[in-house]
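Engineer: Please find one structure pasted underneath; my questions will follow.
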Amino acid sequence: MKMTGENNAENSEITMDDVKNLIQRKDEIEEQIKAYYDVLEDQCVGVEGPLVDAEGFPRADVNLYQIRTARHSISCLQNDHKAIMEEIEEALHKLHAREKAKRGGDEAGDQEEAMEQQVTLPPPFARVDAVTQGSPACGAGLRVGDEVIEFGSVNTENFQNLQNIASVVQHSEGKPLRVSVIRDGQKAQMSLTPQRWSGRGLLGCNIVPIHR
């Protein structure tokens, strides 16, 4: 019981320095994820590429142990990344509530909310500039102007070019992908399943890179 009380006391007195430390941990996790993605790219297999040949035998042209280790590590680190993002959001919500109560006005709340968005939202790497009616993208809720910060396994940290997204789409036909975008300054998430439809491609939208 004593430990719980101490934890509650810590949580209630959380500071911006605590948030910065969490963000630093988040950045370190993202660097690790990027390093493992680089391993998979060097092996030319990606996250979903087959590890057996056409006859069902283990491929001899790649390092199977290295690939399996990288894929497992990415999966674990992505779980860690999700957890740390939730910690950051919770910490910022507590700062927001405390500052709003301290200043007793909506102005402080607006400032904290803006800070929260700025700190927790990664920079987008692509923008949706066309969505066809009746397409899988339209059905998932994707809109023109959405700025993409996550597309399946592709995120701000590991995005290099649109081929990254194309590869994920090709290997995920019929499988739901988590897509996160920034819309009107807020984060929006949706589930997009690449699939055949009456139009071209598997998505029915056009995505362009954001150059920074």
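The values are calculated or read from the model by the stated rules, or taken from the named source; none is laboratory data. Since the model is a prediction, treat every value here as computed from it, not as a measurement. Here the Cβ positions follow ideal geometry from the backbone for every residue, glycine too, while neighbour counts run over all protein chains shown. When the accessible area is computed, the model is the full protein with side chains, heavy atoms only, and any ligands, DNA or RNA have been set aside. Shrake-Rupley method; radii C 1.70, N 1.55, O 1.52, S 1.80 Å.
Engineer: Out of the stretch 138-210, which GluC sites (Glu not before Pro) are coil in DSSP terms and have no more than 12 other C-beta atoms within 10 Å?
Structural biologist: GLU173
Engineer: Another question, if that's okay. Evaluate the distance, in nm, between pseudo-label points positioned 7 Å from the Cα of ALA130 and of GLN186 along their respective Cα→Cβ axes.
Structural biologist: With each label point 7 Å from Cα toward Cβ, the separation is 2.9 nm.
Engineer: At what distance in nm do the modelled label points of ASP42 and CYS76 sit from each other, each positioned 7 Å from its Cα along Cα→Cβ?
Structural biologist: 1.9 nm
Engineer: If you don't mind, there's one more thing I want to ask. Calculate the FRET efficiency for GLU55 and LYS175 from the Cβ-Cβ distance with a Förster distance of 30 Å, rounded to the nearest 0.05.
Structural biologist: 0.75
Engineer: Further question: Tell me, what ³J(HN,Hα) does each residue in the stretch 155-166 have, in order and in whole Hz, if you take phi through Karplus 6.51 cos²θ - 1.76 cosθ + 1.60 with θ = phi - 60° and put x for Gly and Pro?
Structural biologist: My calculation for the stretch 155-166 gives 9, 4, 6, 10, 5, 10, 7, 5, 4, 4, 5, 4 Hz in order.
Engineer: Enumerate the calculated ³J(HN,Hα) couplings along the stretch 20-28 in order (Karplus 6.51 cos²θ - 1.76 cosθ + 1.60, θ = phi - 60°), each rounded to whole Hz, writing x wherever the residue is Gly or Pro.
Structural biologist: Working through the residues one at a time gives 4, 5, 5, 5, 5, 5, 4, 4, 5 Hz.
Engineer: Over the stretch 16-102, one equal point on each Cα, no solvent: what is log10 I(q)/I(0) by the Debye formula at q = 0.12, 0.15 Å⁻¹?
Structural biologist: Those come out to -0.51, -0.65, one per q.
Engineer: Pop the C-beta distance of ARG98 and ARG143 into the FRET formula with R0 = 30 Å and round what comes out to the nearest 0.05.
Structural biologist: The calculated FRET efficiency here is 0.30.
Engineer: I'd like the distance separating the alpha-carbon centroids of the stretch 24-88 and the stretch 127-179, in whole Å.
Structural biologist: 20 Å
Engineer: OK, next. When the solvent-accessible surface of protein heavy atoms is calculated with a 1.4 angstrom probe, in what order do CYS205, CYS44 fall, highest first?
Structural biologist: CYS44, CYS205
Engineer: Something else about it: Around LEU177, which amide H atoms from residues at least 5 apart in sequence, or from another chain, sit under 5 Å from its own amide H, with H modelled in the peptide plane?
Structural biologist: It is LEU192, THR193, by chain and number.
Engineer: Search the structure for amide H atoms under 5 Å from the amide H of ASP146, placed 1.01 Å from N in the peptide plane, and list their residues when 5 or more places away or on another chain.
Structural biologist: Result for ASP146 returns VAL128.
Engineer: So for the stretch 145-212, averaging the separation of alpha carbon pairs under 8 Å that are six or more residues apart and normalising by length, what relative contact order in percent results?
Structural biologist: Answer for the stretch 145-212 is 31 percent.
Engineer: Would you mind checking LYS20/LYS82; LYS82/LYS102; LYS20/LYS187 for any pair whose Cα atoms are more than 28 angstrom apart?
Structural biologist: Checking Cα-Cα distances, LYS82/LYS102 exceed 28 Å.
Engineer: Rounded to the nearest whole Å², what accessible area per residue is found for the stretch 16-102 with the 1.4 Å probe?
Structural biologist: Result: 63 Å² per residue.
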